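Asks: Take a look at this one; I'll ask things after.
The values are calculated or read from the model by the stated rules, or taken from the named source; none is laboratory data. The shown structure was predicted, so the numbers you read here are calculated from the model rather than taken from an experiment. Note that each Cβ is placed from the backbone with ideal geometry, even for glycine, and that neighbours are counted across all protein chains shown. When the accessible area is computed, the model is the full protein with side chains, heavy atoms only, and any ligands, DNA or RNA have been set aside. Shrake-Rupley method; radii C 1.70, N 1.55, O 1.52, S 1.80 Å.
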Amino acid sequence: MKQTLLAAVAALSLGVAAASAEPVKVGMITTLSGGGAGLGIDVRDGFMLAVKQSGNEDIEVIIEDDQRKPDVAVKLADKLVQAENVDVLTGLIWSNLAMAVIPSVTAQGKFYLSPNAGPSMLAGKGCHPNYFNVAWQNDNLHEAAGAFANVEGYKNSFILAPNYPAGKDALTGYQRLYKGDLAGELYTKLGQTDYAAELAQIRASGADSVYFFLPGGMGISFLKQYAGSGIDLPVVGPAFSFDQGILQAVGDAALGVRNTSQWSKDINTPVNNAFVESFQAEYGRLPSLYASQGFDTANLLLSAMAKADVKDADAFREALREADFKSTRGEFRFGPNNHPIQDIYVREVIKEGDVFTNKIIGKALNSHSDAYWSECNM
C-alpha cells in the first residue's frame, strides 16, 4: 500500500515555516495489516494529523505497509532509499524490524526518527548520529513498572514477554529497578494467542504479582484468558498492553490494572488537550500512546525543517537534537544518544461512560533516561 500526501493547511496550524530549499521526502514504513495493525495505523494517523495541522506544503510522505515482516520492511526501505530517494524514514513499530532496517538506512546517510521501537542495541553500542528515538528506549516503561512494584510492596513477581528484542528489553528493564524475587520468567512466542500453559505456571508459582509485556492482540488474548482463569493476583504492565486501542477489546478484565506510560490523554497541558480533541475530531476515536508518538515525531521533524535544510545533514541533525517543539507528553529533551529524557507516569484503567481508558494516578520516574547512553560513542 502506498500513499503520497502533500500537507494541506488546517485550522489548528502550528505555523511552522520550512527552511529547506526543496520539499522534504519522508518514507513511513509501518504495520497497517495483520497482527498489530492498529499500532501502525495510530502512528500513521498521529503523524499525518501533525503534518496537516502545520500547514507546511514542503513535506511529502510516502506510506508503506511492512505487514510486520522483517524481509518486507527491508525491501521497502531499500526501495524508499534507492528509488524514491527519501530524506527521512520513520514508522516502524516492532524492534525486530527496526534492527533489520535502521542500521542500513542510517549508514546510507538517511535520517531515521523512531515513533515507537527503541531496541537497546541502537541506544548503546549501535547508536548513530542520524538515529533519533522520539518515543522511549524499550526498557524505560518497564523500568518504571519495576519501580512501581517496589512501592506496592510486591516481593515475588512472575514476569513474561514475547521472545524478540523488545520482549527481552522489557524483562531486563523490569528487573533493573525491581528489588524483589522472581516466581518465574517466561518468553512466549511472538504473535501467540493461547496462554493456557503460561497461566498454569503462574497459578503454581507462588507469585504475589504478575508483570507482562504483550502488545497488540497478544495482550488482548492474555488478559481475557487471565480474567477467566481464576487467578487472583495483581497485574502490572507497560502502557503497550493497556493502551487505548486495546482496552475496548479487553473490556472489564482490564479495569483497575496499573500501567506505566510517558503519555496519557489526561496530561493537562494546552498542547496535549488540543491534540486529544483534534485527533478525536479527525478520526472519531480517542488517541493512543502510539498516536501521540506519531504526532510528536512529525512535530520534531517540522521543527527541524523550520531551522535547517535537510540536505545540510550537519545543520539538520543539530536542529533535530534541539527538539524545539511542544510535545504532547510535556517536557521532552534528547540525551547524548538521541533518546528521550522524560517523566514516566503510573496510570489506572477506568471506564468513562461506555469507554475504557486510563487516568494518571502518580509518577513513577522523573526525567528518566535510558541505561545504555554511556555505551554510545557519538
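Asks: Run the numbers for Ala274 and Glu185: contour at 0.36 nm per residue of separation, minus the present Cα-Cα distance, in nm.
Replies: Full extension of this stretch gives 27.9 nm more.
Asks: Right, something else. Of the candidates Ser303, Ser33, Ser264, which one comes out as most mobile in a Gaussian network treatment of the chain with C-alpha springs shorter than 10 Å?
Replies: Ser33
Asks: With a 1.4 Å probe and all protein chains left in place, how much accessible area per residue does the chain have, in Å²?
Replies: On a per-residue basis, the chain sits at 36 Å².
Asks: Full extension from Ser104 to Lys311: what is 0.36 nm times the residue separation minus their Cα-Cα distance, to one decimal in nm? The partial results should precede the final answer.
Replies: On the way: separation 207, 0.36 × 207 = 74.52 nm, distance 1.89 nm.
Using 0.36 nm per residue and subtracting the Cα-Cα distance, I get 72.6 nm.
Asks: List every residue whose amide H lies under 5 Å from the amide H of Val257, counting only residues 5 or more places away in sequence or on a different chain, with H placed 1.01 Å from N in the peptide plane.
Replies: Val349
Asks: I've got another one for you. Please express the shape of the chain as an equivalent ellipsoid: the semi-axes are the square roots of 5 times the eigenvalues of the C-alpha gyration tensor, given largest first in whole angstrom.
Replies: Sorted largest first and rounded, they come to 34, 21, 19 Å.
Asks: Structure shown: which of Lys110/Lys311; Lys189/Lys363; Lys52/Lys326; Lys110/Lys307; Lys179/Lys359; Lys265/Lys363 lie over 21 Å apart, alpha-carbon to alpha-carbon? Show your work: numbers first, answer last.
Replies: Details: Lys110/Lys311 10 Å; Lys189/Lys363 32 Å; Lys52/Lys326 16 Å; Lys110/Lys307 18 Å; Lys179/Lys359 26 Å; Lys265/Lys363 15 Å.
Pairs exceeding 21 Å: Lys189/Lys363; Lys179/Lys359.
Asks: Once each part is reduced to its C-alpha centroid, what is the distance from the range 90-109 to the range 226-288 in angstrom?
Replies: 27
Asks: Computing the accessible area with a 1.4 Å probe over protein heavy atoms, can you report the carbon and sulfur percentage for the range 117-165?
Replies: On the way: 640 of 1180 Å².
On the range 117-165, the fraction of accessible area on carbon and sulfur atoms equals 54 percent.
Asks: So how do 112-118, 341-347 stack up, highest first, on mean other-Cβ count within 10 Å?
Replies: Going from most to least packed, we get 112-118, 341-347.
Asks: Could you sort the peptides 90-100, 249-259 by per-residue average Cβ neighbour count (10 Å cutoff), highest mean leading?
Replies: 90-100, 249-259
Asks: Using helices alone, I'd like the mean residue ellipticity at 222 nm for the chain: each DSSP H run of four-plus residues gives -39500 (n - 2.57), total over residue count, nearest 500.
Replies: That calculation yields -11500 deg cm²/dmol at 222 nm.
Asks: Also, I was wondering about something else. Please sort 194-201, 235-242, 143-150, 222-229 by packing, taking for each peptide the average over its residues of neighbouring beta carbons within 10 angstrom, highest first. Working shown, then result.
Replies: Details: 194-201: 15.0, 235-242: 26.4, 143-150: 24.5, 222-229: 18.5.
Most protected by this proxy first, the peptides run 235-242, 143-150, 222-229, 194-201.
Asks: Gain in length, Gln248 to Lys326, computed as 0.36 nm per residue apart minus the alpha-carbon separation, to one decimal in nm?
Replies: Additional length available on full extension: 25.2 nm.
Asks: Another one. Rounded to the nearest percent, how much of the accessible area of the range 32-80 (1.4 Å probe, protein heavy atoms only) is carbon and sulfur? Could you put the intermediate results ahead of the total?
Replies: Numbers: 760 of 1570 Å².
So the carbon and sulfur contribution to the accessible surface is 48 percent.
Asks: Which whole-Hz ³J(HN,Hα) couplings does the range 95-104 yield from phi under the Karplus relation 6.51 cos²θ - 1.76 cosθ + 1.60, θ = phi - 60°, glycine and proline marked x?
Replies: 5, 5, 6, 4, 5, 7, 10, 4, x, 5
Asks: Further question: If I compute solvent accessible area with a 1.4 Å probe over the protein chains, what percent of it on the range 190-277 is carbon and sulfur?
Replies: Values: 1630 of 3130 Å².
Here carbon and sulfur together make up 52 percent of the probe-accessible area.
Asks: Would you please classify the overall shape of the range 132-267 from the alpha carbon gyration tensor, given that a ≥ b ≥ c denote the square roots of the eigenvalues, rounded means a/c under 1.5, and beyond that prolate means a/b larger than b/c while oblate covers the rest?
Replies: Rounded, because the longest to shortest axis ratio a/c is under 1.5.
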